[in-house]
Amino acid sequence: MELRIKEDQMVGEISYCIVRCSLGFILIARTDRGICAISLGDEPTSLRQDLERRFPEATLRVVQVTEDTLLGRALALVESPHEKGVVPLDLHGTPFQKRVWQALRDIGPGYTTTYAGIAARIGAPRAVRAVARACAANPIAVAIPCHRVIRSDGAISGYRWGIHRKQALLEREAVA
């Protein structure tokens, strides 16, 4: 799925939905510029609280995923990672984080890389820990596929939304 990143700007209204998915609950949020958050969790309340914390100035509006085509397309990223389409993103992060997130988006479904591989790809080969921090700060699960980053020994580690979800995503993507 092709992803387009919009530049930072002030957030006014955010439409969001929380639905059950194959990985538990998923919150998908959007501004008029694109998807600004995809979070995974075990219960809806903590997902909404995290959205409120991240966007304290925004007016939050609950919508049904069926009412919003963009939210539906973002949900498809989780359930059908090999689907093609366009999902615009409204990213809020540092320039370094955005470089890392762009490099992550270049990793296709079914492929993985290491933190060192991402650091080398963005021209900062000694910034492995900073890459790991940028992955941990990723606000848009699956659309920015930080789950495709593994340790240099091949082990699966560190995923903001749970190692079991990272494993499930990687297994789902391995099936073409």
*asked:* Can you tell me which residue is farthest from the chain's Cα centre (by Cα) among those in region 158-171 that are without any contact (Cβ under 8 Å) to a residue 24 or more places away in the chain and under 19 Å from GLY108 (Cα atoms)?
replied: GLU171
*What number of residues within region 71-87 are surrounded by fewer than 16 Cβ atoms within 10 Å (Cβ to Cβ), of a type outside the set (A, V, I, L, M, F, W, C) and touching a residue at least 12 places away in the same chain (Cβ under 8 Å)?*
5
*Looking at region 7-70, what strands (runs of 3 or more DSSP E) fall wholly within it and have at least 2 residues that are surrounded by 16 or more Cβ atoms within 10 Å (Cβ to Cβ) and modelled with pLDDT of 95 or more?*
13-21, 24-31, 34-41
*Does region 42-56 contain at least one residue that is touching a helix residue (DSSP H, G or I) at 6+ places or on another chain (Cβ under 9 Å) and either within 17 Å of PRO139 (Cα to Cα) or of a type in the set (Lys, Arg) (or both)?*
no
*Please work out which one of (1) without any contact (Cβ under 8 Å) to a residue 40 or more places away in the chain; (2) touching a Ser or Thr at 6+ places or on another chain (Cβ under 6 Å); (3) buried (at least 16 other Cβ atoms within 10 Å of the Cβ) is the condition ARG148 fails and give its number.*
(1)
_So the check is Cβ under 8 Å with 6+ separation or different chains; which pairs have a first residue in region 110-123 that's closer than 19 Å to ASP153 by Cβ and a second one that's in a loop (DSSP other than H, G, I, E, B) and of a type in the set (Ser, Thr, Tyr)?_
THR114/SER152; TYR115/SER152; ALA116/SER152
*Mind checking which residues of region 153-174 are part of a loop (DSSP other than H, G, I, E, B) and over 16 Å from PRO81 (Cβ atoms)?*
ASP153, GLY154, ALA155, ILE156, SER157, GLY158, ARG160, GLY162
*Just need a number here: residues in region 86-109 that are in contact with a Leu (Cβ under 9 Å, 6 or more places away or on another chain) and either at pLDDT below 85 or aromatic (Phe, Trp, Tyr) (or both).*
2
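The values are calculated or read from the model by the stated rules, or taken from the named source; none is laboratory data. Treat the numbers as computed from the prediction; the structure is a model and nothing was measured. Cβ: placed from backbone, ideal geometry, glycine included. Neighbour counts: every protein chain shown.
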